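Q: Below are the structure tokens for one structure; questions will follow.
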Amino acid sequence: MVKTGDEIQWAEVLARLQDELAELNEDFNRNFIKPNIVLSGKTGVGKSTLINAVFGFNEAETGVGKPVSQALIEYRIPEAPVHLFDTKGMELDLEQREISRKQIVSEIRKRASSTDAADHLHIMWYCISNESRRLESTEIEWIRSFSEYMPVVIVLTQTFDQNEAFLKFIKEELPHLPICRVLAKEKVLLGEVKIPQHGLTDLIDRTLDIIPEATRRAFTAAQKIEVERKIDSAKKLIQERLDSNSPVSYKNLAHAAEAFPIGMDMMGRSAVYLYMAKDIMTVMGIPVNRNFLKFTKEARPLLQSILLPFVASEGGRAIGKAALKYGTKQLSKEGASTLAKLAGKTVGKANLLLSPIVGLVAGSFNRKVTEAIANSFINTCADFLRQEISYKDYSTTEIMEKLSIGMKVRMNENKEKIEELAVKS
Ligand SMILES: Nc1nc2c(ncn2[C@@H]2O[C@H](COP(=O)(O)OP(=O)(O)O)[C@@H](O)[C@H]2O)c(=O)[nH]1
Ligand SMILES: [Mg+2]
């Protein structure tokens, strides 16, 4: 079949956009290796309670798990950027325990020799109950033996008193290993005294110090305790992506999207915002629907929240500083029509007034404006995360709805500031 001129152009534009996306994805994945975390310790010490507090899910939600070997079971849920492993065998008799220990050590060593960092077991949280005050000699042998081949942190679970003698005993038996004292879940004593959750921040900070660089971003995304760290992580990624000297930047994506055919240009240019939103959500550990980038219904409210503050209808409120400076005609007629479609019922097509900032926001790439929009979205995501959500609470569609509503409020608040940035640059 002979292609028309339009079809050929369209194919080229899409191919270029896909190349840019592939490069961005490749770079992202290189620095988003999911950490492999091994949980070990006797039954009942509080491993499930701990991972539930830190990551918002536990084995109960992951099903039976995948046996890596008889003594090592892997648990993962697709939404969480972390892989958890549980060791087996400490409950068995001495002979069986020794078999388990050897199996685990052999798995640790086998993986450590892989050239792919994603295969390595990056850290072990060995859990000991502070409440039980028991550390058997076999456990000490296990820990010593594991720590020869991988980093181990001792997690002293269910810590709700200051018993220094037990801590001292552990330190003497296992010198050089970091020890974190935690209470993963609030403890009620005598039905009255409440001891609040504590120590998890320390565990997270120490873990981040130990695990490889390429896994830190994913670990920060996966943990639910320190939202501030997620904010910093997202800001850092945005800075990298806005750096025009970087080989992979949003600017390249924006240029590729600029060539979208007339009428679709607005959509092409909005692709940058969708991609940026996807990046921010991922590094902050908020699940993103895979179809999000295809301008599905899910994506529309978010685009509306970004673009509509700069659209007004005739007779409505003043259109802003940027309009005063540049007038109101920078956006193409086709772009305006696409925007009117996007806006739906909110603004009628006939009496649509556009601030040129819509051109700046959706059109030619403006670093400062893009950064301000990114920061608004990062803060919106942080607000959402502070509501203590867990993976099972919402579908990705519901999450997107909530974020779009939050973003709408923030964009309206920041409208003037963004217009000023646009005028200055
Ligand atoms: N309040 C409180 N209870 C805990 C904590 N850690 C463990 N527990 C309790 O100890 C029991 C065993 O914990 P679990 O996490 O299932 O241990 P696991 O066998 O190591 O996975 C459960 O009844 C928990 O409620 C904690 O940090 N706070
Ligand atoms: Mg358990």
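The values are calculated or read from the model by the stated rules, or taken from the named source; none is laboratory data. For clarity, every value in this text was computed on a predicted model and none was experimentally measured. Here the Cβ is made from the backbone with ideal geometry for all residues, glycine too, and neighbour counts use every protein chain on show.
Q: If a residue has to be in a loop (DSSP other than H, G, I, E, B), over 23 Å from residue 144 (Cβ atoms) and more than 16 Å from ligand 2 (Cβ to nearest atom) to count, how many in the stretch 164-204 make the cut?
A: The number of residues fulfilling the criteria is 7.
Q: Next up: How many residues, within the stretch 27-36, are touching a residue at least 40 places away in the same chain (Cβ under 8 Å) and either within 11 Å of ligand 1 (Cβ to nearest atom) or surrounded by fewer than 17 Cβ atoms within 10 Å (Cβ to Cβ) (or both)?
A: The qualifying residues number 3.
Q: Looking for something of a type outside the set (Phe, Trp, Tyr), touching a Pro at 6+ places or on another chain (Cβ under 6 Å) and either surrounded by fewer than 19 Cβ atoms within 10 Å (Cβ to Cβ) or in contact (Cβ under 8 Å) with a residue 40 or more places away in the chain (or both) - is there at least one such residue anywhere in the stretch 158-176?
A: No, there is no match, as no residue in the stretch 158-176 is of a type outside the set (Phe, Trp, Tyr), touching a Pro at 6+ places or on another chain (Cβ under 6 Å) and either surrounded by fewer than 19 Cβ atoms within 10 Å (Cβ to Cβ) or in contact (Cβ under 8 Å) with a residue 40 or more places away in the chain (or both).
Q: Of the numbered conditions (1) crowded, with 20+ Cβ neighbours inside 10 Å; (2) within 19 Å of residue 215 (Cα to Cα), residue 115 fails exactly one; give the number of that condition.
A: Against the list (1) crowded, with 20+ Cβ neighbours inside 10 Å; (2) within 19 Å of residue 215 (Cα to Cα), residue 115 comes up short only on (1).
Q: Another question about this same structure. If you check every pair at least six apart or on different chains, which have Cβ atoms under 8 Å apart with a residue in the stretch 83-106 that is free of Cβ contacts under 8 Å to residues at least 60 places away in the same chain first and a residue that is basic (Lys, Arg) and within 16 Å of ligand 1 (Cβ to nearest atom) second?
A: Taking only residues 6 or more apart or on different chains, the pairs are 86/47; 90/42; 91/42; 100/88.
Q: Moving on to the next point. Taking the criterion of being in a strand (DSSP E or B) and out of contact with any Leu (no Cβ under 9 Å at 6 or more places or on another chain), would at least one residue in the stretch 37-48 satisfy it?
A: Yes, some residue in the stretch 37-48 is in a strand (DSSP E or B) and out of contact with any Leu (no Cβ under 9 Å at 6 or more places or on another chain).
Q: Kindly provide the set of residues from the stretch 37-52 that are more than 6 Å from ligand 1 (Cβ to nearest atom), surrounded by fewer than 21 Cβ atoms within 10 Å (Cβ to Cβ) and not charged (D, E, K, R), ordered by number.
A: 52
Q: State yes or no: is residue 132 surrounded by fewer than 19 Cβ atoms within 10 Å (Cβ to Cβ) and under 35 Å from the mean Cα position of the chain (by Cα)?
A: no
Q: Related question: On the basis of being more than 25 Å from residue 392 (Cα to Cα) and out of contact with any helix residue (DSSP H, G or I) (no Cβ under 9 Å at 6 or more places or on another chain), does residue 43 make the cut?
A: yes
Q: May I ask you to say which residue of 235, 251, 230 is more than 13 Å from the chain's Cα centre (by Cα), part of a helix (DSSP H, G or I) and at pLDDT 85 or above?
A: Only one candidate qualifies: 251.
Q: Please specify each residue of the stretch 217-270 satisfying the condition of being of a type in the set (Gly, Ala, Ser) and without any contact (Cβ under 8 Å) to a residue 24 or more places away in the chain.
A: Within the stretch 217-270, 246, 249 qualify.
Q: Given the conditions (1) modelled with pLDDT under 95; (2) under 21 Å from residue 116 (Cα atoms); (3) out of contact with any Pro (no Cβ under 9 Å at 6 or more places or on another chain), and given that residue 73 satisfies all but one, which numbered condition is not satisfied?
A: Against the list (1) modelled with pLDDT under 95; (2) under 21 Å from residue 116 (Cα atoms); (3) out of contact with any Pro (no Cβ under 9 Å at 6 or more places or on another chain), residue 73 comes up short only on (3).
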